[in-house]
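Only one structure is covered here, and it is reproduced in the block below.
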Amino acid sequence: MKIATYNVNSIKARANNFFDWLKKENFDIIFLQEIKCETENFLYFECESLGYKVAVLGQKGYNGVAILCKYDFKITNRNLPNFRDEQARYLEILINKENEQFYAISVYVPNGCGRDKESEKEKLAYKLKWLDKLYLHTKNLLNSGIPIIMAGDFNVMLEDIDVYNEESFKNSPLYIKEVKNEITALKYLGLKDCFRLLHKNTEGYTFWDYTANSFVTNLGLRIDYIFISAFFEKKLNSVYVDKTLRQMEKPSDHTPLVAEFKD
């Protein structure tokens with residue numbers, strides 16, 4: 001089984017590159033974030049023509065998550081349960097693969113950064129509350145005994161190796177202790193960071209800002225993750241950052257993270 005997570009930064013703006021890439025790869029599941037279109041306006045036909053069933057939670061012009069899947073599934077949650085949220089950031093499906101069932105979850109964690117101190121305080125509070133709800137719901141899912149793959153843009157760098165300049169981000173909502181603790185709590189529940197399972201000392205950047213020639217000079221951040229429960233840990237065969245899409249014209253500021261599992 002081959003999967004990828006990708007913050008596409010507008011599915012329509014990146015459509016040509018994205019679908020050319022999909023045609024060359026043989027993914028079974030793709031987790032998308034920042035699709036930036038309403039649910040009904042997603043590119044269903046293009047995805048279905050490549051053999052994917054599609055689940056979408058969209059929002060006009062902002063946010064939005066989707067999952068493309070070659071297996072049968074049912075949608076189990078659009079947005080986090082017990083949390084009223086106008087922003088489209090969480091999509092959960094229950095997949096039936098042969099004799100196996102597992103949850104696949106596309107996550108777009110709030111950024112938390114603001115234009116000024118007041119707006120940042122508000123945005124950070126929302127981010128922390130959102131992550132609290134993610135923790136509680138993930139705990140319930142794990143208690144069900146059904147395996148989990150949770151992938152997406154988590155808007156956090158967990159370690160100094162995950163950021164090109166630690167000092168520049170020491171007070172950022174992407175790197176402060178309170179946010180890192182929230183993601184670490186998910187790991188304490190039993191979720192494993194796929195990339196770090198196989199690459200202990202590799203940077204693994206998945207994001208480069210559009211400014212200052214960041215991609216060419218590798219001023220990157222590792223903010224996209226694939227988290228898995230124990231069932232998938234023993235099946236994990238490889239995980240890597242695919243920079244192909246980031247090298248194309250008019251790219252997203254992110255690039256896909258890919259993982260492959262033994263059947």
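Can you name every residue in segment 27-52 that is surrounded by fewer than 17 Cβ atoms within 10 Å (Cβ to Cβ) and either in contact with a Lys or Arg (Cβ under 6 Å, 6 or more places away or on another chain) or not aromatic (Phe, Trp, Tyr) (or both)? Walk me through it before giving the result.
In the first step, residues of segment 27-52 are kept if they are surrounded by fewer than 17 Cβ atoms within 10 Å (Cβ to Cβ); the result is 38, 40-41, 44-46, 48-51.
Of everything in segment 27-52, those that are surrounded by fewer than 17 Cβ atoms within 10 Å (Cβ to Cβ) and either in contact with a Lys or Arg (Cβ under 6 Å, 6 or more places away or on another chain) or not aromatic (Phe, Trp, Tyr) (or both) turn out to be GLU38, GLU40, ASN41, GLU46, GLU48, SER49, LEU50, GLY51.
Give the residue, chosen from ASP28, ASP72, ASP20, that is charged (D, E, K, R) and free of Cβ contacts under 8 Å to residues at least 12 places away in the same chain. Talk me through it step by step, then tell me what you get.
On the way: ASP28 fails: free of Cβ contacts under 8 Å to residues at least 12 places away in the same chain; ASP72 fails: free of Cβ contacts under 8 Å to residues at least 12 places away in the same chain.
Step by step, each of ASP28, ASP72, ASP20 is checked, and only ASP20 is charged (D, E, K, R) and free of Cβ contacts under 8 Å to residues at least 12 places away in the same chain.
What number of residues within segment 111-124 satisfy the criterion of being surrounded by fewer than 21 Cβ atoms within 10 Å (Cβ to Cβ) and within 27 Å of PHE42 (Cα to Cα)?
1
Quick one: what pairs do we get from segment 244-263, first residue over 20 Å from ILE67 (Cβ atoms) and touching a residue at least 12 places away in the same chain (Cβ under 8 Å), second among the polar types (S, T, N, Q) and outside any loop (DSSP other than H, G, I, E, B), C-beta under 8 Å, 6+ apart or different chains?
MET248/ASN17; GLU249/ASN17; LYS250/ASN17; PRO251/ASN17; ASP253/ASN7; LYS262/ASN237
Grab the helices (runs of 4 or more DSSP H) fully contained in segment 142-233, keeping just those with 2 or more residues being in contact with a helix residue (DSSP H, G or I) (Cβ under 6 Å, 6 or more places away or on another chain) and buried (at least 16 other Cβ atoms within 10 Å of the Cβ). Steps first, answer last, please.
Details: elements: 177-189, 194-198, 214-217, 230-233.
Passing ranges, in order: 177-189.
With the requirement that a residue be of a type in the set (A, V, I, L, M, F, W, C), outside any loop (DSSP other than H, G, I, E, B) and closer than 21 Å to LYS250 by Cβ, what does segment 3-59 give you?
Residues satisfying the conditions are ALA4, ALA15, PHE18, PHE19, TRP21, LEU22, ILE30, LEU32, CYS47.
Which of the residues that make up segment 58-110 are under 28 Å from LYS177 (Cα atoms), hydroxyl-bearing (Ser, Thr, Tyr) and surrounded by fewer than 23 Cβ atoms within 10 Å (Cβ to Cβ)? Don't jump to the end; show me each part of the working.
Within segment 58-110, the first condition is being under 28 Å from LYS177 (Cα atoms), and the residues that meet it are 62-65, 79-92, 104-110.
With hydroxyl-bearing (Ser, Thr, Tyr) added as a condition, the list becomes 62, 90, 106, 108.
Answer for segment 58-110, where residues must be under 28 Å from LYS177 (Cα atoms), hydroxyl-bearing (Ser, Thr, Tyr) and surrounded by fewer than 23 Cβ atoms within 10 Å (Cβ to Cβ): just TYR62.
Values in this text are rule-based calculations from the coordinates and carry no lab data. The model shown is predicted, which means the values in this text are computed figures rather than measured ones. Counting neighbours? That spans all protein chains shown, and the Cβs are built from the backbone with ideal geometry, glycine included.
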